[in-house]
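Novice: Here it is: the structure, laid out below.
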Amino acid sequence: MRIDIVSIFPEYLAALDLSLVGKARVAGLLDLRVHDLRDWTTDRHRTVDDTPFGGGAGMVMRPDVWGQAIDELTATGPAHLVVPTPSGTTFTQRTAEALATEDQLVFACGRYEGIDARVAEHYRAAGHRVSELSIGDYVLNGGEVASLVMVEAVARLLPGVIGNPESLVEESHGAAGLLEYPVYTKPPVWSDLEVPDVLLSGHHAKIRRWRRDRALEKTSARRPDLIAALDASTLDKHDRAFLASLGWEVRGGALHRAPGSAEPAPGATTGGVAE
Ligand code: 6GU
């Protein structure tokens, strides 16, 4: 896969030389290139922004400079253009999986109040895929950190990047639609806290069931929206009984809070931080 990232702060993307993504680049699994948007300016001041038509605070990035950059980077054929923006649709593991199948991704990192809206419109009309994506409901100063997040989430799905692809199977936001169960390692007692006995038992069926229950329990407490999105046909008898004990019932192929069952404890879905 080829990934181009365009930014006025290319140094922000230096972290992509490290760790798994850095190794994938060295191994030739990923052709990742970071570019300075100002390389496509033509004026003495290397201007990339201007005041918004219609008035208002802040500056908007000029479409002509972005057009020069994207035209050059996609000269070999249509690419998937990713525009990180807090007003985009939400980037999820499903988005990462879809992006991981593309031949070329171009990330256009906006700053200030964003990129002139005609850029996305133009490249869509020209036959490129264009995704305006947000990484969550909060505001960053620009698309660089969001691009780091998305590139890492995509790169680890590319064939050969993760040594043991088994580790992609059970993790949070995987196919099961559940958060991951808690994990433990040595020592078996630490700070007066013991590792649950079942994990030391060597009884693999019991361990599998215990982990499944902990995943259901954690997901119910922290992300009830994920429980409500489960396809009930993927749940076995024990799953249904355990979810019933947590206050869920199956109706019409989906899970719903049983009448009168308690909502999660205050703070359970916010990590205890007041909203
Ligand atoms: Cl993609 N960009 C910015 N600037 N802020 C964000 C975001 C993206 N996603 C969440 N907040």
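The values are calculated or read from the model by the stated rules, or taken from the named source; none is laboratory data. The model shown is predicted, which means the values in this text are computed figures rather than measured ones. In this analysis, Cβ positions are derived from the backbone assuming ideal geometry, glycine residues included, and neighbour counts consider all displayed protein chains. Side chains included, ligands, DNA and RNA excluded: accessible areas come from the protein's heavy atoms. Shrake-Rupley method; radii C 1.70, N 1.55, O 1.52, S 1.80 Å.
Novice: Mind checking which residues of segment 200-213 are over 13 Å from His238 (Cα atoms) and crowded, with 16+ Cβ neighbours inside 10 Å?
Specialist: Ile207
Novice: So how many residues does segment 1-34 have that are of a type in the set (D, E, K, R), open to solvent by less than 70 Å² (accessible area, probe 1.4 Å) and part of a helix (DSSP H, G or I)? Steps first, answer last, please.
Specialist: Filtering segment 1-34 for residues of a type in the set (D, E, K, R) gives 2, 4, 11, 17, 23, 25, 31, 33.
Checking the rest, the ones that are also open to solvent by less than 70 Å² (accessible area, probe 1.4 Å) come to 2, 4, 25, 31.
If we keep only those that are part of a helix (DSSP H, G or I) too, we end up with 25.
The total comes to 1.
Novice: Being open to solvent by 50 Å² or more (accessible area, probe 1.4 Å), among the β-branched types (Val, Ile, Thr) and within 16 Å of the ligand (Cβ to nearest atom) narrows it down to one residue among Thr51, Thr42, Thr85, Thr89; which is it? Steps first, please.
Specialist: Working: Thr51 fails: within 16 Å of the ligand (Cβ to nearest atom); Thr42 fails: within 16 Å of the ligand (Cβ to nearest atom); Thr85 fails: open to solvent by 50 Å² or more (accessible area, probe 1.4 Å).
Within the list Thr51, Thr42, Thr85, Thr89, the selection yields Thr89.
Novice: Suppose we filter Arg46, Arg62, Arg33 for residues that are modelled with pLDDT of 95 or more, in contact with a Lys or Arg (Cβ under 7 Å, 6 or more places away or on another chain) and in the same structural domain as Glu144 (by the TED database); which single one remains?
Specialist: On the way: Arg62 fails: in contact with a Lys or Arg (Cβ under 7 Å, 6 or more places away or on another chain); Arg33 fails: in contact with a Lys or Arg (Cβ under 7 Å, 6 or more places away or on another chain).
Unique residue meeting the criteria: Arg46.
Novice: I need the full set of residues from segment 157-172 which are farther than 26 Å from Ile227 by Cβ, assigned to a loop (DSSP other than H, G, I, E, B) and of a type outside the set (A, V, I, L, M, F, W, C), in order please. Even if it seems obvious, please write down each step before you answer.
Specialist: Residues of segment 157-172 farther than 26 Å from Ile227 by Cβ: 158-165.
Okay, now just the ones that are also assigned to a loop (DSSP other than H, G, I, E, B), so 158-164.
Once the filter is applied, which keeps residues that are farther than 26 Å from Ile227 by Cβ, assigned to a loop (DSSP other than H, G, I, E, B) and of a type outside the set (A, V, I, L, M, F, W, C), segment 157-172 yields Pro159, Gly160, Gly163, Asn164.
Novice: Separate question: Does segment 134-149 hold any residues that are within 6 Å of the ligand (Cβ to nearest atom), within 13 Å of Val82 (Cα to Cα) and hydrophobic (A, V, I, L, M, F, W, C), and which are they?
Specialist: So in segment 134-149, the residues within 6 Å of the ligand (Cβ to nearest atom) come out as 134-136, 138-140, 142-143, 146.
Still in the list and also within 13 Å of Val82 (Cα to Cα): 134-135, 143, 146.
Result: Ile135, Ala146.
Novice: If you scan segment 118-133, which residues turn out to be away from the ligand (no atom under 15 Å from the Cβ) and either touching a Cys at 6+ places or on another chain (Cβ under 6 Å) or not in a helix (DSSP H, G or I) (or both)?
Specialist: Hits for segment 118-133 are Ala126, Gly127, His128, Arg129.
Novice: Turning to a different aspect of this structure: If I filter segment 149-169 down to residues being over 16 Å from the mean Cα position of the chain (by Cα) and in contact (Cβ under 8 Å) with a residue 24 or more places away in the chain, which single residue comes out as surrounded by the most Cβ atoms within 10 Å (Cβ to Cβ)?
Specialist: If we take residues in segment 149-169 being over 16 Å from the mean Cα position of the chain (by Cα) and in contact (Cβ under 8 Å) with a residue 24 or more places away in the chain, then Val161 is surrounded by the most Cβ atoms within 10 Å (Cβ to Cβ).
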